[in-house]
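Enquirer: Following this message is one structure expressed as structure tokens.
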Number of protein chains: 2
Amino acid sequence: MALASLAARSCVLVIVFGLCFLSISIEAKRSSTKVVNFKWEVEYMHWSPDCNEGVVMGINGQFPGPTIRARAGDTVVVELTNKLPTEGVVIHWHGIRQMGTPWADGTAAISQCAINPGETFIYKFIVDKAGTYFYHGHYGMQRSAGLYGSLIVDVAEYKKEPFHYDGEFNLLLSDWWHKNAHEQELDLSSKPFRWIGEPQSLLLNGRGQYNCSLAAQFSNPPLSQCKFTGTEQCAPQTMTVQPNKIYRLRIASTTALASLNLAIGGHKMVVVEADGNYVEPFSVYDMDIYSGESYSILFKADQNPSQNYWISVGVRGRKPNTPQALTILNYSPTLSTKLPTSRPPTTPLWNDYYHSKSFTNRIKALRGSPKPPTTYNRRIMLLNTQNRIDGFTKWAINNISLSLPVTPYLGSIKYNLKNAFANSQPPDSFSPSYDVMRPPVNPNTTHGDGIYMLKFNSTIDVILQNANALADNVSEIHPWHLHGHDFWVLGYGEEKFTDKDVVKFNLKNPPLRNSVVIFPYGWTALRFVADNPGAWAFHCHIEPHLHMGMGVVFAEGIYRLKNIPKEALTCGLTGKMFMDRKH
Amino acid sequence: MALASLAARSCVLVIVFGLCFLSISIEAKRSSTKVVNFKWEVEYMHWSPDCNEGVVMGINGQFPGPTIRARAGDTVVVELTNKLPTEGVVIHWHGIRQMGTPWADGTAAISQCAINPGETFIYKFIVDKAGTYFYHGHYGMQRSAGLYGSLIVDVAEYKKEPFHYDGEFNLLLSDWWHKNAHEQELDLSSKPFRWIGEPQSLLLNGRGQYNCSLAAQFSNPPLSQCKFTGTEQCAPQTMTVQPNKIYRLRIASTTALASLNLAIGGHKMVVVEADGNYVEPFSVYDMDIYSGESYSILFKADQNPSQNYWISVGVRGRKPNTPQALTILNYSPTLSTKLPTSRPPTTPLWNDYYHSKSFTNRIKALRGSPKPPTTYNRRIMLLNTQNRIDGFTKWAINNISLSLPVTPYLGSIKYNLKNAFANSQPPDSFSPSYDVMRPPVNPNTTHGDGIYMLKFNSTIDVILQNANALADNVSEIHPWHLHGHDFWVLGYGEEKFTDKDVVKFNLKNPPLRNSVVIFPYGWTALRFVADNPGAWAFHCHIEPHLHMGMGVVFAEGIYRLKNIPKEALTCGLTGKMFMDRKH
């Protein structure tokens, strides 16, 4: 594509954003971006994700929901109708930055009011960057209820990926409990605290096996051999490859809790994409995937084609109590029903953090990727602690456990409404004397709904600081996800972050991501530019942890937004304001 | 209290009432009516209603919710905050006519929008008539989830009940499933249809015993003897009486499904009140109570005081698969823990309809009660049938299965909004050739949200006509409940109603009620005056049947309403209208 046409196209895009997509037709004339329309109905369905019947929150009769496939630059329009009997719903488009459309981010109480039963809300947004994404519920624990699906953005027409492949597959990873999400919410909000425990099953594209194993001969404890006709809701989707071809495997994790490790028996994987950003390719035989992350890997079907191979996914970072998820890499023309003769790849020990860190540290931006600003305007240190409020167990950030308000921040800030949430911002740091290696001396904390107001276009450094939980010698992995932005991951470190650690920051080729992990007792540093007017959640992507208050909200430049659709703000004080005001 | 101070206080009340309750001022001047305030939070709770732990929808940490107690003429104010994570909620004040306050009737999609999570709605209404009432959720199947409690209205000060008693007890009857209400909703909405089955337990004031029996020696199948310390959530509440005193027992049934029969071993009961209206006293040894009904009975503690006695409640009208609920009538000073030596009263055979009808036919208005108009202005015949829509199992009235709209009728009618619901009224009758004794020839029906628009102050006769369900030789009991009015029950009959049946109508002393049953293959005739501006549900009080479309809506005189609180109408087209309109 000629430089001239690229420049012209950018101009058009600026205009398009300015008018909230009114003029998308012009864009459509110049290049081949399209409007991709979906009509979805969210409803409960009987389903057997792991061969054990339960209830899932599905879309249009499907679980997981339909896959959205579009090209970079396309406008995605999802007309979402809530067919749940009594519950509200929203959908978050995980990894899509929503430049200029913060009301379409799909976070209840932050970007919009929940869509009430019977009502329809139109999500309309541009998918501006090719990559592997997904979507999921972002209200209560509706993600745990199964409200999720894949969102894949191909490169724009006439553009190419910076790597070659002959075919591709998609794997959406999730975890599944037999206890329904409402009861999980209640358990987590109970005194005494009731932990939901480890998931009963891991699901690959919504399919797992609870009471049988595909690799029964190797299973411990012993399980019977799964027998499938192929039409079962829990029958595995095998991946059929042609020998010696190269395949792209897209992987995204929407787990509620589990950190995962994926391997393809006997096959090397080359990591090429992380969270919709290209990375400098590197090879591994297994890879960790935390909730909220997505990757693309390439693999070559270079093994003995008369055999099939296991694709295995197991739990990392928590003492596992969930069997590996398995499916089959099938070499054509070998029968897809032929089970691999080998043992499925062994998931690395759950607490082998050295292994985890060595993988994570290898992720670097592809040469030529955008570089971070060299300095920051504001540094926000976020201490992650487990705490108590009146005997309830909570997670808190800088000693505040996030409790979302009734009125979405986007509206209450735009309309400068008083009393919608706490006036004062939460602290930018925590006590330097806090001992991150020990349980909190005073575990009591408070609820809060104050948020970080960021100067528009300022550069923000965030230092996520892990710490000891309530129990001695416990510090957990937390995968953090930022809405509305990608950030550069500047580095990871052990124990408490100090100013001296800045010298370790990677400003040369830090990867751009939207999700990043903090390791036990460690810190993670990231940088982003607050260039997207809106209110944006930044939170631990473990759904029970977010439910227990583990998140913050950033807001920037909301005064610049012209036309927030009223439909997004029909509740709370904004709803009242719209109803009361005299024009 | 001096009369002067009473008068001054009344004045203040008049001012308060003057805004919404114009006509009550006269009453307020005469007696000492009060405003009774409640602050409630609805939330899920772990609870063991029948000694088996589940999740209930409770209020202020209680299940059943707190009892409201007020005097006739008082204003009840309930500030209801929704603390459910993702679900809306409303509460219906069953039996309270809401004269002048139809927006406080608490029926989602009819009188108001559901209250969203985090939001507060203020129910404010006058309880104008002494009697035994209750309240319950009226959104989805939240009544099945346990959202209910008692509402008792004593006679106004200086007034007397037309009967004497020395003490009183209250029994709120309900049924309980171990499957949660969301899954029940889904089951009932599934193709193929999944029936929820009979309840696991019957509850007396929210207490039942699932895995043990209070009368183990008589239980069949055998169950172990219940042992209670008394503090258990499922421990029975015994009723302690003084020998030879007279007691009033208030009974209300908020069952989701079960028709019940109550007996007090060895004690005669005198029925004196039905649905908040006095009836001509009559004696029975057992009584039927259908969902939605309430009664008061008097009994004298005239048995051997060295013994205790069983109070038993069993299932009627459906082949039972639920053990009797039991509690103990304890004669002071006999220990309350002493079990009765006798066998608990036997519930009459489930299908002994002769027994049921003979009880029902004995209910007559107390002499001096208001008499019905002698003629009607409009007769509406309502045929009750079980049907199918696209393979889904439904109930329909005159071949329309009620499907509630997004915008509450009260608002869409008041503001004359187009497209809020079907323009045409449902039919006033059904084909004269319909054979009520056989399954429907064509079982297919349609959804509909059209409603009956009644002329204000007109007299309406309704003939509820039962029929054969989908299966051969099946016709079920349906207890119908009318909101916003009491009606006179003019009579019951067998098979198909014809004009000749009019001569059997009782216009002399028909009981005033808000709930009435249709017997299998029978009809029930009732008359009411459409004198209460509002939109009012009239429906089968079996929660699964209503969920499956078994109801209609009446509306009258809505143009007369001046100030419907906007808070009741924030959703759907009314919400949109309020937000869009220029003042």
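The values are calculated or read from the model by the stated rules, or taken from the named source; none is laboratory data. Predicted model only: the values in this text are computed from it and were never measured. All Cβ positions, even for glycine, are placed from backbone atoms using ideal geometry, and neighbour counts span all protein chains on display. The area values use the complete protein model at the heavy-atom level, side chains included, leaving out ligands, DNA and RNA. Shrake-Rupley method; radii C 1.70, N 1.55, O 1.52, S 1.80 Å.
Enquirer: At a cut-off of 20 Å², which residues of region B:534-566 become less accessible once all protein chains are present than in their chain alone, using a 1.4 Å probe?
Expert: Buried-area filter returns B:566.
Enquirer: Counting other C-beta atoms within 10 Å, and keeping those with at most 14, which DSSP coil trypsin sites (Lys or Arg not before Pro) do you find in region A:488-537?
Expert: Filter output for region A:488-537: A:508.
Enquirer: Considering the Cα positions of the protein assembly as shown, please state its Rg to one decimal place and its Dmax as a whole number of Å.
Expert: In Å, with Rg to one decimal and Dmax whole: 32.7, 104.
Enquirer: At residue A:62, label 7 Å along Cα→Cβ: distances to the other copies, nm, ascending?
Expert: Relative to the other copies, residue A:62 has label-point distances of 4.9 nm.
Enquirer: Right, next: Please give the net charge around residue A:46, taking every other residue with its beta carbon less than 14 angstrom from that of residue A:46, where Lys and Arg add +1 and Asp and Glu add -1.
Expert: After counting each charged neighbour, the total is -4.
Enquirer: Let me ask something else. Would you mind listing the distances between the residue A:470 label point and the same position in each other copy? Use 7 Å along Cα-to-C-beta, nm, one decimal, shortest first.
Expert: 4.9
Enquirer: Here is a further query. Going by Cα centres, region A:136-173 and region B:390-425 are how many Å apart?
Expert: For region A:136-173 versus region B:390-425, the Cα centre distance is 40 Å.
Enquirer: Residue by residue through region A:530-545, what is 3J(HN,Hα) from phi via Karplus (6.51 cos²θ - 1.76 cosθ + 1.60, θ = phi - 60°)? Round to whole Hz and write x for glycine and proline.
Expert: 7, 10, 10, x, x, 10, 10, 6, 9, 7, 5, 7, 6, 4, x, 5
Enquirer: Quick check: Cα centre of region B:195-262 to Cα centre of region A:68-99, how many Å?
Expert: What the calculation gives is 49 Å, centre to centre.
Enquirer: On to the next question. What do you reckon, how do B:147, B:339 stack up by accessible area (1.4 Å probe), largest on top? Write down the numbers at each step before the final one.
Expert: Values: B:147 0, B:339 65 Å².
Sorted descending by solvent-accessible area, the residues read B:339, B:147.
Enquirer: Still on this model: Name the trypsin sites (Lys or Arg not before Pro) in region B:49-129 that are in a loop by DSSP and that have at most 13 other C-beta atoms within 10 Å, would you?
Expert: Passing sites in region B:49-129 do not exist.
Enquirer: For an R0 of 30 angstrom, estimate the FRET efficiency from the Cβ-Cβ distance between residue B:336 and residue B:69 and round to the nearest 0.05.
Expert: Plugging the Cβ-Cβ distance into 1/(1 + (r/R0)^6) gives 0.80.
Enquirer: Report the local net charge at residue B:534: Lys and Arg +1, Asp and Glu -1, summed over other residues whose C-beta lies under 11 Å from its C-beta.
Expert: Charge balance near residue B:534 sits at 0.
Enquirer: Next question. Taking the solvent-accessible surface of protein heavy atoms with a 1.4 Å probe, what is the per residue accessible area of chain A in Å²?
Expert: Averaged over the residues of chain A, the accessible area is 38 Å².
Enquirer: Shifting gears a bit: What net charge do the residues around residue B:364 carry, taking every other residue with its C-beta under 11 Å from that of residue B:364, with Lys and Arg at +1 and Asp and Glu at -1?
Expert: Its environment carries a net charge of +2.
Enquirer: I'd like the accessible area for residue A:92, computed on protein heavy atoms only with a 1.4 Å probe and all protein chains in place. Round to 10 Å², please.
Expert: For residue A:92, solvent-accessible area is about 0 Å².
Enquirer: Chains A and B: how much accessible area gets covered up at their contact, both sides added, probe 1.4 Å, in Å² to the nearest hundred?
Expert: Answer for the A-B pair: about 3100 Å² buried.
Enquirer: Between residue A:431 and residue B:168, what FRET efficiency follows from the Cβ-Cβ distance if R0 is 56 Å, with the result rounded to 0.05?
Expert: E(calc), rounded to 0.05, equals 0.40.
Enquirer: Once you wrap a convex hull around the alpha carbon atoms of region A:516-583, what is its projected area averaged over all directions, in nm²?
Expert: Averaged projected hull area, Cα only: 6.9 nm².
Enquirer: With the dipole of the protein assembly as shown worked out from charges on the C-beta (+1 for Lys and Arg, -1 for Asp and Glu) around the Cα centre, which of B:559, A:521, A:568 lies farthest toward the positive end?
Expert: B:559
Enquirer: Related question: Report D for region B:143-185 in µm² per second (integer): Stokes-Einstein, Kirkwood Rh on Cα pairs, 37 °C, 0.692 mPa s.
Expert: Numbers: Rh = 14.0 Å.
Result for D is 234 µm²/s.
Enquirer: Related question: Among the DSSP beta bridges whose two residues both lie in the protein assembly as shown, what percent are antiparallel, rounded to the nearest 5?
Expert: About 70 percent, rounded to the nearest 5.
Enquirer: May I pose another question? With every protein chain left in place and a probe of 1.4 Å, what is the accessible surface of residue A:363, to the nearest 10 Å²?
Expert: 10 Å²
Enquirer: Let me ask something additional. With all pairs of different alpha carbon atoms counted, what Kirkwood hydrodynamic radius in Å does region B:184-273 show?
Expert: Mean inverse Cα-Cα distance, inverted, gives 16.5 Å.
Enquirer: Could you work out the mean count of beta carbons from other protein chains within 10 Å of each residue's beta carbon in B:135-147?
Expert: Whole-number average of other-chain Cβ neighbours for B:135-147 is 1.
Enquirer: Provide A:250, A:343 ordered by accessible surface of protein heavy atoms (probe 1.4 Å), highest first.
Expert: Putting A:250, A:343 in descending order of accessible area: A:343, A:250.
Enquirer: If I model a spin label as a point 7 Å beyond the Cα along the Cα-Cβ vector, how far apart are those points for residue B:419 and residue A:418 in nm?
Expert: Inter-label distance under the simple model: 3.9 nm.
Enquirer: Let me ask you something else. Partner chain Cβ atoms within 10 Å, averaged over the residues of A:82-92 - can you pull that number for me?
Expert: That works out to 5 on average.
Enquirer: Same structure again: P(r) of chain B in 10 Å steps, Cα pairs, percent per bin?
Expert: Per 10 Å bin, starting at 0, the Cα pair percentages come out as 3, 17, 29, 28, 17, 5, 1, 0.
Enquirer: Hey, could you grab the Kirkwood Rh for region B:378-580? Inverse mean 1/r over distinct alpha carbon pairs, Å, one decimal.
Expert: 17.6 Å
Enquirer: In region B:399-456, which trypsin sites (Lys or Arg not before Pro) fall in coil by DSSP and have 13 or fewer other Cβ atoms within 10 Å?
Expert: In loop regions of region B:399-456 (DSSP not H, G, I, E or B), the sparsely surrounded trypsin sites (Lys or Arg not before Pro) are B:418, B:455.
Enquirer: Next question, about the same structure. Whole-Hz ³J(HN,Hα) for each residue in region B:325-335, computed from phi via Karplus 6.51 cos²θ - 1.76 cosθ + 1.60 with θ = phi - 60°, x for glycine and proline: what do you get?
Expert: Taking θ as phi minus 60°, the curve returns 8, 10, 8, 10, 8, 9, 8, 5, x, 4, 4 Hz for region B:325-335.
Enquirer: Given just the C-alpha atoms of region A:167-361, how large is their convex hull per residue in cubic angstrom?
Expert: 131 Å³
Enquirer: Between residue B:41 and residue A:499, with labels modelled 7 Å along Cα→Cβ, what's the label distance in nm to one decimal, could you check?
Expert: Label at residue B:41, label at residue A:499, 4.4 nm between them.
Enquirer: Given region A:378-580, what percent of its DSSP beta bridges are antiparallel, to the nearest 5?
Expert: About 75 percent, rounded to the nearest 5.
Enquirer: I would also like to ask the following. As a test, work out the antiparallel percent of DSSP beta bridges whose residues both lie in chain B, rounded to the nearest 5.
Expert: 70 percent
Enquirer: Give the accessible area for residue B:231 in Å² (nearest 10); use a 1.4 Å probe, count only protein heavy atoms, and leave out ligands, DNA and RNA.
Expert: 120 Å²
Enquirer: Take A:546, A:561 and sort them by solvent-accessible surface of the protein heavy atoms, 1.4 Å probe, largest at the top. Each step should come with its number before you reach the end.
Expert: Values: A:546 45, A:561 15 Å².
Descending accessible area places them as A:546, A:561.
Enquirer: Quick one: label points 7 angstrom along Cα→Cβ at residue A:419, distances to the other copies in nm, smallest first?
Expert: 3.6
Enquirer: Of all the accessible heavy-atom surface of the protein assembly as shown, with the other protein chains kept in place and a 1.4 Å probe, what percent is carbon and sulfur?
Expert: That share works out to 53 percent.
Enquirer: Is any residue of region B:357-387 close enough, with backbone N under 18 Å, to a label point placed 7 angstrom from the Cα of residue B:438 along the Cα-Cβ axis, and if so, which?
Expert: Taking a point 7 Å out along Cα→Cβ of residue B:438, the residues of region B:357-387 whose backbone N falls under 18 Å are B:384-387.
Enquirer: Which lysines have a Cα lying under 20 Å from the Cα of residue B:245, excluding residues fewer than 8 positions away in the same chain?
Expert: Candidates past the 8-residue exclusion: B:160, B:268, B:300.
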